[in-house]
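Participant: Handing you a structure now.
The values are calculated or read from the model by the stated rules, or taken from the named source; none is laboratory data. Note that this is a predicted model, so its numbers are computed, not measured. Reconstructed Cβ throughout: ideal geometry from the backbone, glycine too, with neighbour counts over all protein chains shown.
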Amino acid sequence: MIGSLSLFGPLFIRASPYDIDMGRRLRPPSAEHWFGTDTLGRDLLARVLAGGRISLGIGIASSALSAVLALAIGLYAGGVRDLFLMGLCDALRAVPNLLLAIALMTALGGGAVQLIIVLALAATPVTARLVRSSALAIRSQPYIDSARLQGAGRFRILFFQILPNILSPLAAQMSFTCAQAMTVEAALSYLGAGLKPPLPSWGSILQEGQTVIFSAPWMIFFPGIFAALAILGINLLGQDNSK
């Protein structure tokens, strides 16, 4: 629902999320501005919807990149490589995602592409562990031994026997990764370490609204509700896929 509003809402809204009008700053919700205006007089509804497209896009892109990296790591691991790669994943998992993301953003710099890479790297250790454990469980199944007896090589077994059976739990994990990435992105933007102005995101809008929370509570209420509902919906979708 929130994704549909963010995607198709701008088609029916004439206001731009970037047009500044200081004469209309911090106006409350009205028939002209349904969500009110922000500290620079920009239409808050337009900015919330634009921020939704950006936040959802970053969440989906980072979860997809994390899945690709996790497949490469989890399926490639084995023997000495397994000890090194899984040990590295465990070491990274010991660092909270937000702190890891802040450190990586400091090293790589700002920008949407860098943020996607950072969020993907922060989420990859958990997903790689899932891929590895699923692959080990599948390799112990009788049909894998049967495929070997029929002359199937390692890569054929990997791509035609193991990989298809990993996709279902991986898809469920991607839903959780997307929700987590959106949460971390909002936190980074709120802290000023995420996307840079004038690009809107739910976190950056919340950061702007914290200074006027008592005089203009709509600056906090609307982006907060949209972010909470979107993350809740994606988590519920992930739970349904995991059953």
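Participant: Tell me yes or no: at least one residue of segment 43-62 is modelled with pLDDT under 85, buried (at least 23 other Cβ atoms within 10 Å of the Cβ) and either over 30 Å from Gly23 (Cα atoms) or not hydroxyl-bearing (Ser, Thr, Tyr) (or both).
Facilitator: No, there is no match, as no residue in segment 43-62 is modelled with pLDDT under 85, buried (at least 23 other Cβ atoms within 10 Å of the Cβ) and either over 30 Å from Gly23 (Cα atoms) or not hydroxyl-bearing (Ser, Thr, Tyr) (or both).
Participant: Any residue in segment 111-126 that's at positive phi: show its pairings with residues that are surrounded by fewer than 24 Cβ atoms within 10 Å (Cβ to Cβ) at Cβ separation under 9 Å, as long as the two are six or more apart or on different chains.
Facilitator: Final answer for the pair search is Gly111/Leu195; Gly111/Lys196.
Participant: Could you list, in sequence order, all residues of segment 97-125 that are exposed (fewer than 14 other Cβ atoms within 10 Å of the Cβ) and either at pLDDT below 80 or more than 21 Å from Ile58 (Cβ to Cβ) (or both)?
Facilitator: Across segment 97-125, the qualifying residues are Thr106, Ala107, Gly109.
Participant: Given the structure, is Ala187 outside any loop (DSSP other than H, G, I, E, B), touching a Leu at 6+ places or on another chain (Cβ under 7 Å) and buried (at least 20 other Cβ atoms within 10 Å of the Cβ)? Steps first, answer last, please.
Facilitator: Values: outside any loop (DSSP other than H, G, I, E, B): yes; touching a Leu at 6+ places or on another chain (Cβ under 7 Å): yes; buried (at least 20 other Cβ atoms within 10 Å of the Cβ): no.
Criteria not met by Ala187.
Participant: All but one of (1) part of a helix (DSSP H, G or I); (2) closer than 21 Å to Ser63 by Cβ hold for Ile225; which doesn't?
Facilitator: Failing condition for Ile225: (2).
Participant: So, in segment 26-42, of the ones that are among the charged types (D, E, K, R) and modelled with pLDDT of 90 or more, which residue ends up farthest from Leu199 (Cα to Cα)?
Facilitator: Ranking the candidates gives Arg27 first.
Participant: Determine if segment 146-164 includes at least one residue that is surrounded by 17 or more Cβ atoms within 10 Å (Cβ to Cβ) and in contact with a Ser or Thr (Cβ under 9 Å, 6 or more places away or on another chain).
Facilitator: The answer is yes; a qualifying residue exists.
Participant: What single numbered condition from (1) among the aliphatic types (A, V, I, L, M); (2) over 16 Å from Val48 (Cα atoms); (3) at pLDDT 80 or above; (4) surrounded by fewer than 20 Cβ atoms within 10 Å (Cβ to Cβ) fails to hold for Leu237?
Facilitator: Just one mismatch for Leu237, condition (3).
Participant: I've got another one for you. Considering only residues that are over 16 Å from Leu45 (Cβ atoms) and of a type in the set (A, V, I, L, M), look in segment 217-234 and name the one that is surrounded by the most Cβ atoms within 10 Å (Cβ to Cβ).
Facilitator: Only one residue tops the list, namely Ile234.
Participant: Still on this structure, I have one more. What are the pairs with Cβ atoms under 9 angstrom where one residue, in segment 138-165, is in contact (Cβ under 8 Å) with a residue 24 or more places away in the chain and the other, located anywhere, is of a type in the set (Ser, Thr, Tyr) and assigned to a helix (DSSP H, G or I)? Sequence gap at least six, or different chains.
Facilitator: Filtered contacts from segment 138-165: Ile162/Ser134; Asn165/Ser134.
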